[in-house]
Structures are given as C-alpha cells and as structure tokens.
C-alpha cells in the first residue's frame, strides 16, 4: 500500500521520490512527507485507518475540492496535486498535496490565540462556487450517556436536554469543521498553514469556533479556550451561541462501549470542566 502510494506519487510529480518520513498525529490516515529529486516537498494522505478508511473516497474528494476552493483566498492551505479517491493505484483513497512550511505549536499565548481567531474569521468569509455538504453533528444521540468520570452530572444532563431541542437558525458559512490548534502550522510566530480539510462543510460559524475552543480547553485548559471565543466574537461581531458550543463538547464523548479517543485523566477532567462552564452561558 505504501509502496503503491509512492509509485503513484512519482507519476503525479513526474520525479523520483528521494526521501520519505511519516508525519505524527494522523488520526484518520497515514501521512507521508515526501521529497522528490527536484527538491519539492509534498504530503501524501493514505486513508488507512477505520472508520475513516470506509469513507475514504468522499473524504479525499472533499479535501481536494476544499483546497481548490481556497486557491485564490488568503487562507494558507496546501495545493492539491493529485487524487486517487477510489484507490485504484494506491490500494486506499489517497490525496497528494503540497507541503507547507512550519510546525504545530506546543503552547499558546494570547497573541497565538488571537491569530487563530483572526484566521477562522477569514475562513468563514470564503465563498466557494458550490456549497459543501451540510455539517454533521458529532454529538450523536447514542453518545448522550452520563460519563462515569463526571463530577458535573447535572451539567451533562442539561446539555443533553439542550441538544434534544431543534437547532437554532443560523447563517450558513464555509466551515473547516475540524479547525483546531492541531491542524495549524506555525513559523516565526505566524500561522503558515491550515491542514486536514476532509470534513469541510457548510454550517454555523460557532460550531467551527466551538471545536477550536474545546480542543484548546482539553490541551491547555479553559483560559485560552475562552480567550479564543471572546476574540472571535469581537472580530466578527457574532454573539456566542451556546447550542453549537455544547454540541461540539458533547461530540467528544465516545460512542457506547468505546473508550474516549483522547482518554488521559487530565483531558477527561478538562472536558468535564469545560462542559460545566459552557452550561453556565446564558
């Protein structure tokens, strides 16, 4: 599979691959950093991990379409170089992209969080020629079970009650749908890349903002998460919408019978605290 992907990449690039290394952090895919004989750097996504592998065709096609929609925008996204969505050449759905400079950040201060909010506001102003699919909630009804580790059972139950209601109306926006610090590249204190566009959707802006905030809360605690939401609200003039923030937080619960994907005691405690804080919003 890997060798097939490299052979296909050489055909697409028109050059021999001279260096290959696996990028860390890929949840859905095997991500390979490639360098070819001309010195060009690219990234090969191979949809090897279930359950995403089964949906690889749609995911890679969506990512390629998103990158094409972003080509003439200020958003620093990769360029799509080649697509084997059906896996005819690589054995699994594959997408070859340019590799952007920079590295993920391991800590965030107010300046970084503000830059994240500013860039998300820019993403939400993108007007693709054809709308992407409507957002999908990751807070499935089957997930709405009180977690055994919670210290705030009442807050979780109220959150489930909120999500049982009809969603509020919203202005459809272009969403990254997995916007978080994990999918940003930085260099010299500036964001140099936004990656992982397989979930690109049309939906409410605060669902995107909420996902970024939940990820910040789990990784670093509530302070940068709240700062991010406040900066985004100030930049866009959009009032925080509790429903979408709660939807995202509940979406981090695992399906019945499965362990949380993040799972460390610290992250579970932070998710518990974050959801409790969100339920205090008016």
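The values are calculated or read from the model by the stated rules, or taken from the named source; none is laboratory data. Treat the numbers as computed from the prediction; the structure is a model and nothing was measured. Please note: Cβ atoms are built from the backbone with ideal geometry, for glycine as well, and neighbour counts cover all protein chains shown.
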Q: For residue 77, state whether it is in a helix (DSSP H, G or I), modelled with pLDDT of 95 or more, in contact with a strand residue (DSSP E or B) (Cβ under 6 Å, 6 or more places away or on another chain) and closer than 21 Å to residue 124 by Cα.
A: no
**Q.** Matching residues, the stretch 221-245, being over 17 Å from the mean Cα position of the chain (by Cα) and within 14 Å of residue 277 (Cβ to Cβ)
**A.** 221, 222, 223, 224, 226, 227, 230, 240, 242
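Residues are listed down the side, and each one gets a yes or a no for (1) under 21 Å from residue 130 (Cβ atoms); (2) surrounded by fewer than 19 Cβ atoms within 10 Å (Cβ to Cβ); (3) in the same structural domain as residue 175 (by TED's automatic domain parsing):
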| residue | (1), (2), (3) |
| --- | --- |
| 55 | yes, yes, no |
| 61 | yes, yes, no |
| 66 | yes, no, no |
| 69 | yes, no, no |
| 72 | yes, yes, no |
| 75 | yes, no, no |
| 79 | yes, yes, no |
| 88 | no, yes, no |
| 91 | no, yes, no |
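Could you identify the single residue in 210, 189 that is at positive phi and out of contact with any strand residue (DSSP E or B) (no Cβ under 6 Å at 6 or more places or on another chain)? It would help to see each step written out before you state the result.
Working: 210 fails: at positive phi.
Just a single option satisfies the conditions, and that option is 189.
Out of all the residues in the stretch 94-102, is one or more within 29 Å of residue 234 (Cα to Cα) and either touching a strand residue (DSSP E or B) at 6+ places or on another chain (Cβ under 6 Å) or surrounded by fewer than 17 Cβ atoms within 10 Å (Cβ to Cβ) (or both)?
At the first step, the residues of the stretch 94-102 found to be within 29 Å of residue 234 (Cα to Cα) are 102.
Imposing the further condition that a residue be either touching a strand residue (DSSP E or B) at 6+ places or on another chain (Cβ under 6 Å) or surrounded by fewer than 17 Cβ atoms within 10 Å (Cβ to Cβ) (or both) reduces the set to 102.
For the stretch 94-102, residues within 29 Å of residue 234 (Cα to Cα) and either touching a strand residue (DSSP E or B) at 6+ places or on another chain (Cβ under 6 Å) or surrounded by fewer than 17 Cβ atoms within 10 Å (Cβ to Cβ) (or both): present.
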Q) Out of 112, 84, which single residue is within 16 Å of residue 183 (Cα to Cα), buried (at least 16 other Cβ atoms within 10 Å of the Cβ) and in contact (Cβ under 8 Å) with a residue 24 or more places away in the chain? A) 112
Q.
Please count how many residues of the stretch 208-239 are surrounded by fewer than 20 Cβ atoms within 10 Å (Cβ to Cβ) and in a helix (DSSP H, G or I).
A. 10
Q: Could you grab the pairs with beta carbons closer than 8 Å, sequence gap of 6+ or different chains, first residue in the stretch 1-27 and under 17 Å from residue 195 (Cβ atoms), second one assigned to a loop (DSSP other than H, G, I, E, B)?
A: 25/104; 26/49; 27/49; 27/261
**Q.** Residues satisfying the stated conditions in the stretch 171-186, i.e. in a loop (DSSP other than H, G, I, E, B) and in contact with a strand residue (DSSP E or B) (Cβ under 6 Å, 6 or more places away or on another chain)
**A.** 172, 177
Q: Give the number of residues within the stretch 261-281 that are over 17 Å from the mean Cα position of the chain (by Cα) and not in a helix (DSSP H, G or I).
A: 5
Q: Looking only at the stretch 1-28, count how many residues are touching a helix residue (DSSP H, G or I) at 6+ places or on another chain (Cβ under 7 Å) and either modelled with pLDDT of 90 or more or exposed (fewer than 11 other Cβ atoms within 10 Å of the Cβ) (or both).
A: 4
Q: Sort out which residues of the stretch 115-130 are over 18 Å from the mean Cα position of the chain (by Cα) and either closer than 18 Å to residue 209 by Cβ or surrounded by 14 or more Cβ atoms within 10 Å (Cβ to Cβ) (or both), and write them in order of number.
A: 128
